[in-house]
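Everything on this sheet refers to the single structure shown next.
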Amino acid sequence: MNARILLKLLPFFLSFLLIDNVIADANQKTASSLDTYFEYLKNYPKTVGPLGSAEKGEIEIIRDKQKIAEIEKDTGRSVGVMHKDKYWIWLNDAVQFPNKKYGVYGRILWTNSLKGFQGVAVMAVLPNGKIVVNRTFRHATRSWEYELPRGAVDLNETIEQAAKREVKEETGMVIKDLHLLGKMTPDSGALNTVVPIFLATVVEQQNTAQEDSEAIASIDAYSVAELKKGFVDGYLSIKVDNKINTVPLRDPFLAYALLLAETKQLLRK
């Protein structure tokens, strides 16, 4: 074979080598993803598990590597840790459903949820009985929203400490008499999030210390009746720059807190 023919064939040889390297890198990445995934299952059985039982009508997590490979081939989806960063872990589980069929089911975990609660929300009540809400711009919905103060639980922090800190940071208000109303899951179809919801009394107003990632335009307060009407209408009205604006009211944490607080007769009538 002369040099001219070799030069013509060289790009083809190089492309085959590149493809082989990409496939090898992908296989190595997949193996690493699966190894990390099994470590999560082993080290965090309460938060990443339990494994479940299809026989009992649950969605069962499959741990057999050969069966996982079969499920990946049949579904065209990868199993393991798809992505993780400082805040999020995206897992794809190989599962067996109650009807005995197999598939891949994805879920997203807060990183700090591996060792406990990932966040808290607080319904802070003023001395006049009105409830504090933030008018905040949310990146995920790309809209203004009326919501309860809420945020993450820091490392080595109790949920009560986190509740007081978050209210202070976002609203500048100091609270006391925390009452745990309950724990809710805002989206159990995709997230592992379980959030404790507190009722508390505001005793002092100080300066806020909002985080860089927050876009809270105002701290407002409404009566229970006003909030109920807002949920029925889907919004609350507020005057901004001499114009009446409607701000969506659809916060599941606030709806849950109102229901529980009223059911337990903890709110002023």
Can you name every residue in the stretch 166-207 that is touching a residue at least 40 places away in the same chain (Cβ under 8 Å) and hydroxyl-bearing (Ser, Thr, Tyr)? Thr171, Thr193, Thr201
So is Gly234 surrounded by 14 or more Cβ atoms within 10 Å (Cβ to Cβ) and at positive phi or not? no
Sort through Ala221, Ala217 and tell me the only one that's in a strand (DSSP E or B), in contact with a Ser or Thr (Cβ under 8 Å, 6 or more places away or on another chain), outside the structural domain of Tyr44 (by TED's automatic domain parsing) and within 18 Å of Glu166 (Cα to Cα). Ala217
Can you name every residue in the stretch 44-70 that is closer than 16 Å to Ser33 by Cα and either out of contact with any helix residue (DSSP H, G or I) (no Cβ under 8 Å at 6 or more places or on another chain) or outside the structural domain of Ala94 (by TED's automatic domain parsing) (or both)? Asp64, Gln66, Ala69
In the stretch 142-157, how many are assigned to a loop (DSSP other than H, G, I, E, B), surrounded by fewer than 22 Cβ atoms within 10 Å (Cβ to Cβ) and modelled with pLDDT under 95? 4
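Within the stretch 192-214, is there a residue that is within 21 Å of the chain's Cα centre (by Cα), assigned to a loop (DSSP other than H, G, I, E, B), loosely packed, with under 13 Cβ neighbours inside 10 Å and not polar (S, T, N, Q)?
yes
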Name the one entry in Lys101, Lys86 that is within 21 Å of the chain's Cα centre (by Cα), surrounded by fewer than 18 Cβ atoms within 10 Å (Cβ to Cβ) and more than 17 Å from Asp220 (Cα to Cα). Lys86
Among Asp212, Asp177, the single one that is modelled with pLDDT of 90 or more and assigned by TED's automatic domain parsing to the domain that holds Ile131 is Asp177
Give the residue that is nearest to Asn99 (Cα to Cα), with candidates limited to residues of the stretch 57-69 that are in contact (Cβ under 8 Å) with a residue 24 or more places away in the chain and not in a loop (DSSP other than H, G, I, E, B). Glu60
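The values are calculated or read from the model by the stated rules, or taken from the named source; none is laboratory data. Being a predicted model, the structure only gives us computed values, none of them experimental. Methodologically, a virtual Cβ is constructed for each residue, glycine included, from the backbone with ideal geometry; neighbour enumeration extends over all protein chains shown.
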